1. Consider V1 against the criteria (1) open to solvent by less than 70 Å² (accessible area, probe 1.4 Å); (2) within 20 Å of I99 (Cβ to Cβ); (3) part of a loop (DSSP other than H, G, I, E, B); (4) of a type in the set (A, V, I, L, M): it satisfies all of them except one. Which criterion is unmet?
2. Kindly provide the set of residues from the stretch 89-112 that are within 15 Å of F45 (Cα to Cα), in a loop (DSSP other than H, G, I, E, B) and either open to solvent by 50 Å² or more (accessible area, probe 1.4 Å) or hydrophobic (A, V, I, L, M, F, W, C) (or both), ordered by number.
3. Could you list, ordered by first residue, the pairs with Cβ atoms under 8 Å in which the first is in the stretch 56-74 and within 18 Å of G25 (Cβ to Cβ) and free of Cβ contacts under 8 Å to residues at least 24 places away in the same chain and the second is not β-branched (V, I, T) and not in a strand (DSSP E or B), at least 6 apart or interchain?
4. Name every residue in the stretch 78-88 that is assigned to a loop (DSSP other than H, G, I, E, B) and of a type in the set (A, V, I, L, M, F, W, C), in order of residue number.
5. Cβ-Cβ distance below 8 Å, separation of 6 or more or different chains: which pairs start in the stretch 26-37 with a residue that is within 19 Å of F61 (Cα to Cα) and touching a residue at least 60 places away in the same chain (Cβ under 8 Å) and end on one that is among the aliphatic types (A, V, I, L, M) and part of a loop (DSSP other than H, G, I, E, B)?
Amino acid sequence: VDAGVPNKERIAFRPTETINLATCGILLAVQNEGGGSTPIANHFFWFGEIEVKPPSWVIVFTGKGTPTQIPDPTTKNPLHIFYWGFESTLFQYREQVPIIFRFAGINFGTHMKLLPSFKQLIPIPAKT
């Protein structure tokens, strides 16, 4: 919606069933001539842990802001509003498209060698 318009550009969709958006994400992609799409490196959005259910809207502004939930002024249904955090618009050309997807499965890996922990860099206050 409002592609290429600063502070207005957004992706909007409605869930058809109750879903935890932590299992979903958005990729910026380039639509191919054959109809498929190729994701663009380093352009991924994750919603975080939030459950949404119909009838509601999920709106992701491509700019900066603070996530919020407000009632739709007309229907009073929930509007779940997110911000991708970019300095400029993302959809300046018709070939640029969002891919909204749901994870089918995730496997969290581990490091092959022992790395230092950031906790070693943070001073822990002494107990009094």
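1. In the conditions (1) open to solvent by less than 70 Å² (accessible area, probe 1.4 Å); (2) within 20 Å of I99 (Cβ to Cβ); (3) part of a loop (DSSP other than H, G, I, E, B); (4) of a type in the set (A, V, I, L, M), V1 misses (1) alone.
2. Scanning the stretch 89-112 gives L90, F91, F103.
3. P67/G48
4. Listed by number, the residues that qualify are W84, F86.
5. From the stretch 26-37, the pairs are L28/L90.
The values are calculated or read from the model by the stated rules, or taken from the named source; none is laboratory data. Quantities reported herein were computed from a predicted structural model and do not represent experimental measurements. All Cβ positions, glycine included, derive from the backbone under ideal geometry; neighbour counts span all protein chains shown. For accessibility, only protein heavy atoms count, side chains too; no ligands or nucleic acids. Shrake-Rupley method; radii C 1.70, N 1.55, O 1.52, S 1.80 Å.
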